[in-house]
There are 2 protein chains.
Amino acid sequence: MTYDPSTRDVALDDTALAQLFSEARTRNDFSDRPVPEALLRRLYDLTRFGPTAVNSTPARFLFLTSVEARQRLAPFMSGNNREKTLKAPVNVIIGMDTRFHETLPRLFPHAPGARDWFADEAARRESAFRNSSLQGGYFMIAARALGLDVGPMSGFDAAGVKAEFFAGTSVEPNFILNLGYGTDENLFPRSPRLDFEEAAQIL
Amino acid sequence: MTYDPSTRDVALDDTALAQLFSEARTRNDFSDRPVPEALLRRLYDLTRFGPTAVNSTPARFLFLTSVEARQRLAPFMSGNNREKTLKAPVNVIIGMDTRFHETLPRLFPHAPGARDWFADEAARRESAFRNSSLQGGYFMIAARALGLDVGPMSGFDAAGVKAEFFAGTSVEPNFILNLGYGTDENLFPRSPRLDFEEAAQIL
């Protein structure tokens, strides 16, 4: 099946929209079914095309698939995130490169001065945080688009994860997620969401 | 077509993946084709199901569809973002509610103390920024899933947008995007992305 740009104004079918959004759930438990390396690479290949400011793509993705690697992470997870993390086949640390501007001469070639737009460290950090979070959102929807389930967590010792996995680099952890094929175990009923009028407005 | 959870482990077809990710492009120009209000509401209805920490869903969505509303925004946009913004049929200010914790008794009902986890303002702001950015990512992919195109921008006067659109509220702007049916006008060749080995690692 090839992509026809003239039909990109048509919505995906309801089954696809349900898989990506309306019926998808954060999973707290995962089956033993492994996630092949080829699928992790395909997941990155989709994620990287999502839009970021000046194509900066500051997110970095550390896939922990071995028992040894996942056991290194577990002590830094809060409360019951620890057990969930150890049970999932893959943990992913979504990091952000706080020196992403060094890649801009290559990633944003039509504006040779783009690196200098991010000389200020606080502004650069804000941009890295915003854009790596956007990429984290792309990553989770791309995972679902590939038939995977996710369980994101922000309750962990960030300084500890930085020291254990990113020491001596400009990468810092943003958030962490479990990845694999989810089960219904420990699945809460879906919590309510805000109505349109509570969260949105049309002017 | 109904959703069958037993098939959610299957990837969407390549045409859908291309529409969402690999062939989708940030658009700098949009056709005059309007975006009906029903489609904006459907877009919000998909976006709101994306995962956020403690179901906080801190993003707020201000859709500017009238000429008057879009002219109020334009003066705050940087450089050539101004002209792009005026040409698009819809501008969306993705905001974040820095007092999202007040909604948690309703949004996260199984943990009655969740509001108090966010008493610290700096930690709350970080969570609002991360999670509203994640929701911004969901929003953009959901827009593409509905056949729309997006053009996100973070070059604008945030204090000015806050004062013009969110004065006296706990909402602050995160980023802004143009929304509609894109054209190929002013479309750069796609910029390069980092290879897997440059942005990711498997342990």
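The values are calculated or read from the model by the stated rules, or taken from the named source; none is laboratory data. Keep in mind that what you see is a predicted model, and the values were worked out from it rather than measured. Quick reminder, even Gly has a Cβ in these numbers, built from the backbone with ideal geometry, and neighbours come from all protein chains shown.
Within segment B:95-118, the set of residues being within 10 Å of chain A (Cβ to nearest Cβ) and in contact with a strand residue (DSSP E or B) (Cβ under 6 Å, 6 or more places away or on another chain) comprises B:Gly95, B:Asp97.
Taking the stated definitions as given, is B:Ser78 out of contact with any helix residue (DSSP H, G or I) (no Cβ under 9 Å at 6 or more places or on another chain) and more than 10 Å from chain A (Cβ to nearest Cβ)? For B:Ser78, the condition - out of contact with any helix residue (DSSP H, G or I) (no Cβ under 9 Å at 6 or more places or on another chain) and more than 10 Å from chain A (Cβ to nearest Cβ) - is met.
Is there a residue being surrounded by 15 or more Cβ atoms within 10 Å (Cβ to Cβ), polar (S, T, N, Q) and touching a Leu at 6+ places or on another chain (Cβ under 6 Å) anywhere in segment B:149-158? No: segment B:149-158 contains no residue that is surrounded by 15 or more Cβ atoms within 10 Å (Cβ to Cβ), polar (S, T, N, Q) and touching a Leu at 6+ places or on another chain (Cβ under 6 Å).
Screening the candidates B:Leu73, B:Leu46, B:Leu64 for the property of being among the hydrophobic types (A, V, I, L, M, F, W, C), over 30 Å from A:Ala143 (Cβ atoms), modelled with pLDDT of 95 or more and within 15 Å of the chain's Cα centre (by Cα) yields one hit, B:Leu64. Any residue at all in segment A:105-117 that's in contact with a helix residue (DSSP H, G or I) (Cβ under 8 Å, 6 or more places away or on another chain), farther than 29 Å from B:Arg144 by Cα and surrounded by 15 or more Cβ atoms within 10 Å (Cβ to Cβ)? Within segment A:105-117, one or more residues are in contact with a helix residue (DSSP H, G or I) (Cβ under 8 Å, 6 or more places away or on another chain), farther than 29 Å from B:Arg144 by Cα and surrounded by 15 or more Cβ atoms within 10 Å (Cβ to Cβ).
Scan segment B:187-200 and give yes if some residue there is modelled with pLDDT of 95 or more, on the phi > 0 side of the Ramachandran plot and either surrounded by fewer than 22 Cβ atoms within 10 Å (Cβ to Cβ) or not aliphatic (A, V, I, L, M) (or both), otherwise no. No: segment B:187-200 contains no residue that is modelled with pLDDT of 95 or more, on the phi > 0 side of the Ramachandran plot and either surrounded by fewer than 22 Cβ atoms within 10 Å (Cβ to Cβ) or not aliphatic (A, V, I, L, M) (or both). Does B:Ser170 meet the test of being among the polar types (S, T, N, Q), surrounded by fewer than 18 Cβ atoms within 10 Å (Cβ to Cβ), farther than 30 Å from B:Glu185 by Cα and more than 14 Å from the chain's Cα centre (by Cα)? The answer is yes for B:Ser170.
So, B:Arg41, is that one within 9 Å of chain A (Cβ to nearest Cβ) and at pLDDT below 95 or not? No. Scanning segment A:106-128 turns up at least one residue that is of a type in the set (A, V, I, L, M, F, W, C), in contact with a Pro (Cβ under 6 Å, 6 or more places away or on another chain) and under 30 Å from A:Asn28 (Cβ atoms). Of all residues in segment A:6-29, those satisfying the criterion of being out of contact with any Pro (no Cβ under 6 Å at 6 or more places or on another chain) and closer than 30 Å to A:Glu83 by Cβ are A:Ala18, A:Gln19, A:Leu20, A:Phe21, A:Ser22, A:Glu23, A:Ala24, A:Arg25, A:Arg27, A:Asn28, A:Asp29. The helices (runs of 4 or more DSSP H) falling completely within segment B:119-203 that include 1 or more residues that are under 26 Å from B:Arg82 (Cα atoms), more than 11 Å from every other protein chain (Cβ to nearest Cβ) and touching a residue at least 24 places away in the same chain (Cβ under 8 Å) map to B:158-165.
The residue that is nearest to the chain's Cα centre (by Cα), counting only those in segment A:105-118 that are part of a helix (DSSP H, G or I) and of a type in the set (A, V, I, L, M, F, W, C), is A:Leu107.
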